[in-house]
Amino acid sequence: MTFSISGRIASIAAAIVALVSLSACGKPASPYVFSTVQSEISMAGEAIIDVRLLHQPSGKPVVNAVIFETRFDMEPDGMGGMTAPVSAQGSPAPGIYRFSVAPTMAGRWELKLSAKVQGEAETVSGSVVVTAQ
Ligand SMILES: [Cu+2]
């Protein structure tokens, strides 16, 4: 056996570098991007959030996505535990998904979404941030 100490240190160092770069990369970025049509909503009465879902590589709107999970909370302002009702209102235009929300406090709210997209095995997740005032 002729393992040298420096050789073993080098291989341990290489393993650490591999681990660090693996965690830095994490999950590959999703090609699907959620964005808001307007980022400010009113506290007076019912507020509507229109969310655009885009397949970024092709630049095409994603139609017929099935959004099956939503959460509306104040995480952007450090209040992830403060939630408010959200209900899906269908798709008023291709690639646009409408939600009605009822924010209970002025500030930044995050609408978190999970969707099934045609031809995509994995669930597509994302969020948009709006300011209630
Ligand atoms: Cu709050």
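Values quoted throughout were computed directly from the atomic coordinates according to the rules given, and no laboratory measurement underlies them. A quick note: this is a predicted structure, and the numbers were derived from the prediction, not measured. Neighbour counts run over all protein chains shown; Cβ positions are idealised from the backbone, glycine included.
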Subject >> Calculated FRET value between Ser125 and Ser42, using beta carbons and R₀ = 25 Å, to 0.05 >> reply: 0.40
**OP:** Principal axes first, then extents: for the Cα atoms of segment 32-132, list largest minus smallest coordinate on each axis, whole Å, largest first.
**Re:** 38, 24, 20
**OP:** List the GluC sites (Glu not before Pro) within segment 34-132 that fall in a DSSP loop (any state other than H, G, I, E or B) and whose Cβ has at most 16 other Cβ atoms within 10 Å.
**Re:** Glu46, Glu120, Glu122
**OP:** Using the 2.2 N^0.38 Å rule of thumb for compact globular proteins, work out how segment 33-81 stacks up: its C-alpha Rg over that value, please.
**Re:** 1.40
**OP:** Give the calculated FRET efficiency between Met105 and Val33 to the nearest 0.05, with a Förster radius of 25 Å applied to their Cβ-Cβ distance.
**Re:** 0.35
